[in-house]
1. With charges set only on the Cβ (+1 for Lys and Arg, -1 for Asp and Glu), what does the dipole of the protein assembly as shown come to about its Cα centre, in debye to the nearest 20?
2. Given the DSSP H assignment, sum -39500 (n - 2.57) over each helix run of at least 4 residues in chain B and divide by its residue total; what's the result at 222 nm in deg cm²/dmol, nearest 500?
3. Can you give me the relative contact order of segment B:43-155 as a percent, contacts being Cα pairs under 8 Å and 6 or more apart?
4. So what is log10(I(q)/I(0)) for segment B:161-272 at q = 0.12 1/Å, when the Debye sum runs over its Cα atoms only?
5. Would you mind computing, in nm to one decimal, how far apart the modelled labels at A:ASN62 and B:ASP174 are, each placed 7 Å from Cα along Cα→Cβ?
6. Can you tell me how the protein assembly as shown classifies by the Cα gyration tensor, rounded, prolate or oblate, using a/c under 1.5 as the rounded cut?
7. Per residue of chain A, what 222 nm ellipticity follows from adding -39500 (n - 2.57) for every DSSP H run with n ≥ 4, rounded to the nearest 500?
8. Lysines near A:LYS8 by alpha-carbon distance under 25 Å, same-chain residues fewer than 8 away left out - which ones?
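What follows is calculated from the coordinates using simple rules that are stated; it is not laboratory data. Worth saying up front: this structure is predicted, and the values here are computed from it rather than measured. Cβ sites come from the backbone with ideal geometry, for glycine too, and all protein chains shown count toward neighbours.
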Amino acid sequence: MKRLAKLKEIFIPSPIITGAGTEVLPPKPILPYILIGFTLMTFIAAQVTDFSLVVLFTRLFNFQLGPWGIVKRFFPVDWAYWTYVIDPIFETVQMSFLGTLIGSLLALPAAYLASQNLTKNKWVVNGVRTLLAVLRTLPILIYAVFFRLVFFLGALPGTIAIAVFTFSIVAKMLYERIETLDMQAYHAIESTGATKLKSFLSALMPEVRPIFYSLSLYAFEINIRYAAILGYVGAGGIGFILDNAMKNLSHNDRTIVILLFIFVTVVIIENTSRLLRRRLA
Amino acid sequence: MTENVQKTLNQEPKHWIRNSLILLFLIAMTWWSASAINFQGVNEQGTVVVRNIARYFVWPDSNPDNPVLAKYLFSFERFAIPYLMLETIMIAFIGTLIGAIISIPFAFLSSKNIVGEKRSLIGATVITMIRTVPIFIWGIVFIRVQGGPMAGVLAIAISSIGMISKLYIEVIEDIDKGILEALDSTGATALQKIRYGILPQLTANFLSVGIYRFEINVRNATILGLVGAGGIGFTLIDALGSFNFGIVAVALWGIIPVVLIIEYVSTKLRAKLT
């Protein structure tokens with residue numbers, strides 16, 4: 001009985017009586033409910049995904065067949081391969097840059113149309129938002145597979161895939177920021193008889209511009225990492241040689257070199273972009 | 001009045017040199033980037049692909065010889081879309097959970113206010129390294145543990161550590177130490193200080209980060225199938241490659257609504273938490 005009362009205390013805590021004699025209700029606990037939900041979900045998820053800790057640990061420490069077996073094959077590293085990595089890594093940067101540029105530029109008008117405070121037509125606002133939301137549901141790689149079928153192999157399908165993805169995320173983040181802007185200057189200029197677009201350009205654009213640059217840089221940071229896998233489906237960039245290095249047993253020793261190049265590129269671009277974004281903010 | 005306006009306008013700092021340099025740099029970058037692309041026009045099958053995907057997306061049973069709605073969308077067989085979507089979500093769920101749990105000690109060991117400025121740099125570097133490795137690499141490595149969805153779970157878990165730890169570190173570095181001092185003055189034990197001083201500050205934010213990453217991971221889990229790590233990815237990408245547009249359409253019908261709902265719920269939950 002006492003245990004049951006204790007259990008009840010966890011889910012429905014009884015009021016605390018303070019020294020002054022007043023009753024204080026403790027906040028409703030959510031943690032126990034979350035924990036129960038998580039445990040249940042984890043159990044179901046483990047069933048569906050065949051996840052088993054026993055298999056994980058027996059295989060993890062099987063140094064011949066387990067994951068270490070493939071990691072061991074990465075050594076000794078074939079450092080001489082680095083000359084072949086330069087071109088693909090540059091291509092990856094080029095694809096990300098061009099894709100980000102195109103996507104961001106397209107995102108600007110889309111964000112204008114999706115902002116409730118700028119576009120009064122509800123159908124347009126909701127239509128553009130739905131389009132952006134649907135575009136966001138698919139990962140870049142699926143777009144890359146699709147555009148590779150439409151265009152020829154190479155950097156073009158990858159670039160377009162990156163542009164579509166950038167468009168969908170930059171436009172979303174941008175309209176969310178535009179809606180929080182102070183509209184007084186906009187209305188003041190509009191009241192002088194200027195058109196809506198003109199009022200936007202002169203009153204809000206100075207505020208939108210740094211936000212837009214910052215979001216585009218942020219998208220560029222993300223894209224450079226995504227662009228590294230597009231080559232897996234033949235959409236250009238470093239992913240192609242990475243895929244080859246992983247799958248071809250005699251080329252396994254190239255993997256580390258390629259990963260190192262991706263790492264250095266990502267670090268350089270992320271740090272430059274962060275520096276610029278901090279100055280913009 | 002107009003003179004004053006003109007005067008203030010003239011006092012504005014002039015950025016045209018800087019701006020034109022930036023523009024020049026952007027144009028140069030665009031020029032250089034465009035050189036990577038050789039546009040050969042649309043593939044001969046390109047228009048067919050676009051037209052068919054649009055047609056089947058509107059009505060997946062467009063081809064009477066290959067009815068896919070009943071066989072793939074409204075069926076709970078293991079190869080059908082609902083089960084594959086369930087598998088995808090579950091891969092993302094358990095992967096995020098494992099990643100989030102591993103990230104907790106990881107984040108504490110890389111927070112400036114806990115281990116100091118210098119030592120936190122080691123953790124930060126490891127986190128960046130983990131984030132750089134593409135998810136497919138983890139998938140291929142973990143297929144050696146067990147092929148199929150379990151490899152996906154491990155790949156998602158490890159690749160999540162990077163971002164989750166990074167966001168956890170921000171939360172930990174924001175901890176208000178005043179509360180701990182206040183608890184000290186009441187004579188609280190170390191355990192009580194953690195329970196009442198630290199956990200309440202972390203739980204909501206940690207959960208919010210986890211939910212946010214789960215949303216991203218569902219999207220990531222839809223492509224893991226490409227390397228044989230489970231989820232809907234293999235079916236979708238294979239159907240695209242073999243021009244089986246009916247299956248492409250039902251796969252999209254599976255992914256799009258599910259991801260939309262998850263995104264909506266995730267946004268609502270996170271807004272409630274913070």
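1. That gives a dipole near 640 debye.
2. Roughly -23500 deg cm²/dmol at 222 nm, from the helical runs in chain B.
3. The normalised contact order for segment B:43-155 reaches 16 percent.
4. Result of the Debye calculation: -0.61.
5. With each label placed 7 Å out from Cα toward Cβ, I get 4.5 nm.
6. In terms of gyration-tensor shape, rounded.
7. Per the formula, -23000 deg cm²/dmol.
8. Candidates past the 8-residue exclusion: A:LYS28, B:LYS193.
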